[in-house]
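**Q** Structure provided below as structure tokens; questions to follow.
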Amino acid sequence: MVWRVRRVYTGHNKRGRAVIIEDGLAPNVKEMASMPGLALTDLWETTGPLARNDGNADAADRTVRLEPPRGGSILRIVEFPPDKAWRDSADAKAAFESIGAGHAKDKQSADPMMHKTNTVDYIIVISGEICAVVEEGEVLLKPGDVFIQRGTNHSWSVRGDVPCVIAAVLVSAAPLGKPAASKKSAGKPVTTAATKATKATKATKATKATKATKATKATKAPAKRATKVARKAARGR
């Protein structure tokens, strides 16, 4: 049976007063069909680097997927069953595809759970015990322990008889080896200090040239007027 979590979230009423919007069992639960007993309960989601607190809609009311939106985050509860309940019969490809992450599975690994995401994950063990497995090592996590997963290839293993429940916050991260870029700067040339200096120099030269042109015109104007006066005087003689 899937472990259910009580979720309470706040908001504002029409008068702008803080209120409790919802208090009850989190409804957005997905149990992995090909990994019986493995369940994800999504509690909240943000869709950009600057979270929004306006409105009272349930931000987790959408299809459960492994990774957060680009620049966003996901808060979720995950229940891992004992390995013996699923590892010998799991269809890893189908499992990851069912949560929109067919690309995350490590196709070279014999471990069906081994995968990698472009996220920083903050993991807190609530109950049970679980082994966090990476390519060269593993660590046993117990209730109250915190595990920070930073875009590494990793897997999970429950070797006892009791399921493990964890709380996880997944934060979108730049792919390893690539710098983080904002939506505004994506696809646009990078402005460096040298570029700014060049632009400033060009602007200064353009300003000086304009002033010089105006000064030359101003100097020539009186001479032109004097010439016209002299010509009129000559014709009147």
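**Q** Which condition from (1) part of a loop (DSSP other than H, G, I, E, B); (2) without any contact (Cβ under 8 Å) to a residue 12 or more places away in the chain is the one that P112 breaks?
**A** (2)
**Q** Evaluate the following for A101: is it under 19 Å from A168 (Cβ atoms), of a type outside the set (V, I, T) and crowded, with 19+ Cβ neighbours inside 10 Å?
**A** Here the answer is no, as A101 does not meet what is asked.
**Q** Now for a different question. Cβ-Cβ distance below 8 Å, separation of 6 or more or different chains: which pairs start in region 47-69 with a residue that is touching a residue at least 12 places away in the same chain (Cβ under 8 Å) and end on one that is exposed (fewer than 12 other Cβ atoms within 10 Å of the Cβ) and of a type in the set (G, A, S)?
**A** Within 8 Å, the pairs are P49/S182.
**Q** Right, another one. Does any residue in region 154-167 that is free of Cβ contacts under 8 Å to residues at least 24 places away in the same chain come within less than 9 Å, Cβ to Cβ, of a residue that is surrounded by 21 or more Cβ atoms within 10 Å (Cβ to Cβ) six or more places away or on a different chain, and which pairs are these?
**A** none
**Q** Surrounded by 17 or more Cβ atoms within 10 Å (Cβ to Cβ), at pLDDT 90 or above and assigned by TED's automatic domain parsing to the domain that holds P163: is that true of E79 in this structure?
**A** It is true that E79 is surrounded by 17 or more Cβ atoms within 10 Å (Cβ to Cβ), at pLDDT 90 or above and assigned by TED's automatic domain parsing to the domain that holds P163.
**Q** Now, a different point. One residue is enough: does region 87-95 have a residue meeting the conditions polar (S, T, N, Q) and surrounded by 15 or more Cβ atoms within 10 Å (Cβ to Cβ)?
**A** Within region 87-95, none of the residues are polar (S, T, N, Q) and surrounded by 15 or more Cβ atoms within 10 Å (Cβ to Cβ).
**Q** Hey, V5 hits all of (1) over 26 Å from the mean Cα position of the chain (by Cα); (2) at pLDDT 95 or above; (3) under 30 Å from A95 (Cβ atoms) but one; which does it fall short on?
**A** So the condition that V5 fails would be (1).
**Q** Name the residue that is nearest to the chain's Cα centre (by Cα), counting only residues in region 21-59 that are among the charged types (D, E, K, R) and outside any strand (DSSP E or B).
**A** Only one residue fits best here, namely R52.
**Q** While we're here: Going by the structure shown, is D83 charged (D, E, K, R), in contact (Cβ under 8 Å) with a residue 40 or more places away in the chain and within 20 Å of A173 (Cβ to Cβ)?
**A** no
**Q** Next up: Just to be sure I understand, how many residues within region 115-150 are assigned to a strand (DSSP E or B) and of a type outside the set (S, T, Y)?
**A** The number of residues fulfilling the criteria is 22.
The values are calculated or read from the model by the stated rules, or taken from the named source; none is laboratory data. Keep in mind that what you see is a predicted model, and the values were worked out from it rather than measured. As a convention, Cβ positions derive from the backbone with ideal geometry for all residues, glycine included, and neighbour counts pool all protein chains shown.
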